[in-house]
Amino acid sequence: MNTSQLVKKISLGVLAALFSASVWAHGGAKGTDTDQCKFELEPDHWIHYTAYQPVAFPAEEFCASLPREKEATILVFDYQDQKYKNDTVEFEVTKEPEGTRVFFLEKAKHKKGTVELKMPNGVPEAGKYLIHITLVPDQGERKDVHMSFSAGGGPAASKSKMFLYLLAGAAGAYVLYLYNATFRREVDKIIGRKEKV
């Protein structure tokens, strides 16, 4: 295998990785420590979390940062295993550091394994918030876990996708530079001019 074939294969591999939704969706594979959009209620028992602002950002998923406050928001929780489908669970969202409740879903059993918190007006102001998920057993101790998120960061909250597109564009331009003599000459002319200036 010559050098140009090796460079071509590496470039194609990089492009394939950039466009792989499974690599970038939530930081890694389901149930691994790289997934930052999940709660561990008990050792090895997880609930996955995704936030949406479908009116303003219909094709975007969010986790730790929502672009807008006062924007229709849906928080979706998916049980990663069957364990919690028969348990009573309650959900709460509070504004921090005050601890002011902005949303509450009373304790219930969620047999489908998916819970949607629909917040038609979103959160009331920009800032930090906590999601509380509480297991409420018939007997014994309540278990409460938290996950923080911020709201009101603006479009910067979803700039990671733009970065990936720019990176993919740069990789594509580099491959074009390597394999298209006309494009390479034009780029070399531009670079040559800048070096002379």
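Quick notes on this structure:
- Considering segment 71-86, and only residues there that are of a type outside the set (A, V, I, L, M) and outside any helix (DSSP H, G or I), the residue that is farthest from Gly152 (Cα to Cα) turns out to be Gln82.
- Odd one out for Asn121 among (1) in contact (Cβ under 8 Å) with a residue 60 or more places away in the chain; (2) part of a loop (DSSP other than H, G, I, E, B): (1)
- Taking the listed residues Glu92, Glu106, the one that is assigned to a strand (DSSP E or B) and within 19 Å of Thr50 (Cβ to Cβ) is Glu92, with no other qualifying.
Quick grid of which residues meet (1) modelled with pLDDT of 95 or more; (2) of a type in the set (Phe, Trp, Tyr); (3) surrounded by 13 or more Cβ atoms within 10 Å (Cβ to Cβ):
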| position | (1), (2), (3) |
| --- | --- |
| Leu6 | no, no, no |
| Ser11 | no, no, yes |
| Leu15 | no, no, yes |
| Leu18 | no, no, yes |
| Cys37 | no, no, yes |
| Tyr79 | no, yes, yes |
| Thr88 | no, no, yes |
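Residues checked against (1) within 21 Å of Ala64 (Cβ to Cβ); (2) loosely packed, with under 12 Cβ neighbours inside 10 Å; (3) at pLDDT 80 or above; (4) not assigned by TED's automatic domain parsing to the domain that holds Lys85:
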position	(1), (2), (3), (4)
Pro124	yes, no, yes, no
Glu141	no, yes, yes, no
Ser160	yes, yes, no, yes
Ala171	no, no, yes, yes
Ile191	no, yes, no, yes
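- Selection status of Leu164, farther than 30 Å from Pro43 by Cα, modelled with pLDDT under 70, in contact with a helix residue (DSSP H, G or I) (Cβ under 8 Å, 6 or more places away or on another chain) and assigned to a helix (DSSP H, G or I): yes
The values are calculated or read from the model by the stated rules, or taken from the named source; none is laboratory data. Keep in mind that this is a model prediction, so the values were computed, not measured. Please note: Cβ atoms are built from the backbone with ideal geometry, for glycine as well, and neighbour counts cover all protein chains shown.
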